[in-house]
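Since every read-out is calculated from the coordinates, none of them should be taken as a lab result. Since we're looking at a predicted model, the values are computed, not measured. Cβ placement follows ideal geometry from the backbone for every residue including glycine, while neighbour counts extend to all protein chains displayed.
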Amino acid sequence: MGALGHFIEREGIPAAQISLIREQTAAIKPPRALWVPFMLGRPFGAPNAPDFQRKVLRALLALFDRPSGPVLEDFKEDAPVDAVGETTFACPVSFAQADTDSDDPVKAMRREIAQLAPWYELARKRRGRTTVGVSGLTMEQAANFAAGFTGDAPASPYDARLSAGVALKRVCDDLKAYHYEAVAAQPGNLSSREIDRWFWFETITGKVFLAIQQACLRSDDKSLQPLGKLSLVPRAIAHALAEKARTAA
Amino acid sequence: MARLADLGVWERELLLEMLKEIPDYKGQPWVAGPPLDKRRVAIITTSGMHRAGDPPYADGAAANDYRVIPGDVDTAQLVMSHLSSNFDRTGFEQDVNVVFPIDRLKELAADGVVGSVADYHYAFMGAARVPGLEPRVRQVAALLKQDAVDAVLLTPV
């Protein structure tokens, strides 16, 4: 991000950036930066908080009024708790437990997708949009495709323009977004962290993703290897799983 | 939340490790411009955002290509295919403005805080490598100049 600002400025256009990791921005010294104390993925603080978003945006724009730089300013206010609150604890329905005996991941995933469908549709209606749609596949097609990667003979990409890794990542992004949007519509007002834990520890699809990660680690296909290392399972989840395994041992 | 002190030890160490590879641009160059209420503003997001149906970004960390987001985009069409799984997406799922504040920017233009909003905005993949990035940014800068942009907002995830 800092490099981008530098290159833009070098072309003669002033740039101001949001900084999410202050230490990185302080090291790179782009011309103008506003550090914000928000979670990664939320540079303007909180969803559906237009007044707060406007405040952050105005603070960022104000950096253009500075006569010289580099400028690294701190935005001092924390983000408001969003509609998917950070304070309420709830225990969402566990699908992985209910389907423990199932040997067929595709059938189990399809069942899970069907059970979540009313919640997903409700979320889509309430929000007026969905972030599912990266792959262009239906959820059933996505489940079939993703589950094919749990073995050692993965399916061919559904789109000839894509490597196996990119195709798989797009399908996994869609499956994950579908689950996240659906569960956010359920009662319980789950925080983003609770939704993460639910997905990775309580759903069939989360379990399938962990199996896919292992298969990608074993794969000779270079496009699949990033999914084995870092781009499928978040570091926080990998760490929690390792802790769990250590405790169990 | 993104304060280093609030992150797990493993994550903190990883981010600090990344500092070793970061260039120091010393705030240079520095380009001045007109008062804010005369500026034309564009957004560049490194969220890997795009319109559903856009061609996919190139593979992995080599993805230094970009996608165009028209200013009059139907935001319901915006999705994200970022390489990383290590940031929150539940905010974006609820409201695109938490990542790409296009509605807020239009409001500030209507209020006269900024001069105007660019006709086109751009999205890159946040994990893009610096050496391959520069030629692409130069292309985007040329497009921004054609759009008379004189203020760029850079927003990461």
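Per-structure values
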read-out: Helix A:50-61 vs. chain A, principal-axis angle (Cα, 0 to 90°, nearest 10); value: 50
read-out: Relative packing of A:20-33, B:34-47, which averages over residues the other C-beta atoms within 10 Å, highest first; value: A:20-33, B:34-47
read-out: Acute angle (nearest 10 degrees) that the helix A:105-127 long axis makes with the longest principal axis of chain A, alpha-carbon atoms; value: 40
read-out: Principal axis box of segment A:95-248, alpha-carbon based, largest edge first, Å; value: 43, 43, 28
read-out: Environment charge of residue A:241, counting only residues whose C-beta is closer than 13 Å and scoring Lys/Arg +1, Asp/Glu -1; value: +3
read-out: Ratio Rg/Rh, restricted to segment B:111-157 and using Cα atoms, in which Rh is the Kirkwood radius; value: 1.01
read-out: Estimated FRET transfer efficiency (residue B:103, residue B:58; beta-carbon r; R0 41 Å; 0.05); value: 0.85
read-out: Net charge of neighbours whose Cβ lies under 11 Å from the Cβ of residue A:29, counting Lys and Arg as +1 and Asp and Glu as -1; value: +1
read-out: Cα principal axis extents for the protein assembly as shown, largest first, Å; value: 66, 43, 40
read-out: Square roots of 5 times each gyration tensor eigenvalue, C-alpha, segment B:35-155, largest first, Å; value: 24, 18, 12
read-out: Cα long-axis angle, helix B:130-146 against chain B (0 to 90 degrees, to the nearest 10); value: 10
read-out: 222 nm mean residue ellipticity, helices alone, for chain A (DSSP H n ≥ 4; -39,500 (n - 2.57); rounded to 500); value: -16500 deg cm²/dmol
read-out: Three principal axis lengths of segment A:2-74 [C-alpha, angstrom, descending]; value: 35, 24, 18
read-out: Reachable lysines, given that their alpha-carbon falls under 26 Å from the alpha-carbon of residue B:26 and they are not under 8 places away in the same chain; value: A:29, A:76, B:145
read-out: Length gained when the stretch residue A:51-residue A:141 is fully extended (0.36 nm per residue, less Cα-Cα span); value: 28.4 nm
read-out: Gain on full stretching of the segment that runs from residue B:20 to residue B:147 - 0.36 nm per residue minus C-alpha separation; value: 42.1 nm
read-out: For segment A:95-248, size of Cβ-based charge dipole, Lys and Arg +1, Asp and Glu -1, in debye; value: 560
read-out: 5 angstrom amide H check on residue A:39, placed H, neighbours 5+ away; value: B:2
read-out: Förster radius 22 Å - calculated FRET efficiency between residue B:110 and residue A:126, Cβ distance, rounded to 0.05; value: 0.25
read-out: Dipole-positive endmost among A:165, A:38, A:179 within the protein assembly as shown (Cβ charges, Cα centre); value: A:38
read-out: Spatial separation of Cα centroids for segment A:130-174 and segment B:81-101, in angstrom; value: 20
read-out: Magnitude of the charge dipole, the protein assembly as shown, Cβ model with Lys/Arg +1 and Asp/Glu -1, debye to 20; value: 540
